[in-house]
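Working notes, beginning with the structure itself.
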Amino acid sequence: MKITSEKAYVTTSMVELYAFLSQAENISVLLPHDKITDFQSDANGCSFRVQGGILIPLVYTNREAINHIEMKSGEKAPFPYTLTIHLNDLTHVVEGHIEFHAEISIFMKMMVEKPLIALFNTMTLQLQQHFSTEI
């Protein structure tokens, strides 16, 4: 299964946005607080529970290139997945989106696809709002 979020347009520098997204504790800013519980983070990644009690662990696998950040499923993930945040510097604005790949059955896809699309689109919207209110 592949999911691509809507694009976000963030008014900040590529370096600042990359630095923000490279810190796992900042992922909590992007999550819908009414649908997420038990957020935890450390230098290697983060984890949280979504409605229904499903644990979503994210582990950084690549933070070397400034134009993308790669994460993968951690221990206790319900299925294997990768999540990549793509960034594109458009001069005074950074365009970004989330790309998610998972190895799941068709039955599981029917259960998780819509909630994941909503989660990733919320995250891109929260990112735009976070940087638009920062001074």
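The values are calculated or read from the model by the stated rules, or taken from the named source; none is laboratory data. Every value quoted in this text rests on a predicted model; they were computed, and no experiment measured them. As a convention, Cβ positions derive from the backbone with ideal geometry for all residues, glycine included, and neighbour counts pool all protein chains shown. These area figures cover heavy atoms from the full protein model, side chains too; ligands, DNA and RNA do not enter into them. Shrake-Rupley method; radii C 1.70, N 1.55, O 1.52, S 1.80 Å.
Details
- Tally of residues being farther than 24 Å from residue 32 by Cβ and either open to solvent by less than 20 Å² (accessible area, probe 1.4 Å) or in contact (Cβ under 8 Å) with a residue 12 or more places away in the chain (or both) across segment 64-74: 2
- In segment 89-98, the count of residues that are open to solvent by less than 60 Å² (accessible area, probe 1.4 Å), charged (D, E, K, R) and at pLDDT 90 or above is one or more.
- Residue count for segment 13-48, restricted to those that are touching a Leu at 6+ places or on another chain (Cβ under 9 Å), within 19 Å of residue 98 (Cβ to Cβ) and open to solvent by 80 Å² or more (accessible area, probe 1.4 Å): 1
- All conditions but one from (1) modelled with pLDDT under 95; (2) in contact with a His (Cβ under 8 Å, 6 or more places away or on another chain); (3) open to solvent by less than 40 Å² (accessible area, probe 1.4 Å) apply to residue 56; the one that does not is (2).
Per-residue answers, yes or no, for (1) assigned to a strand (DSSP E or B); (2) modelled with pLDDT under 90; (3) within 17 Å of residue 7 (Cα to Cα):
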position	(1), (2), (3)
34	no, no, no
39	yes, no, no
79	no, no, no
128	no, no, yes
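- Per the listing 86, 97, 92, 101, the residue uniquely part of a loop (DSSP other than H, G, I, E, B) and of a type outside the set (Asp, Glu) is 92.
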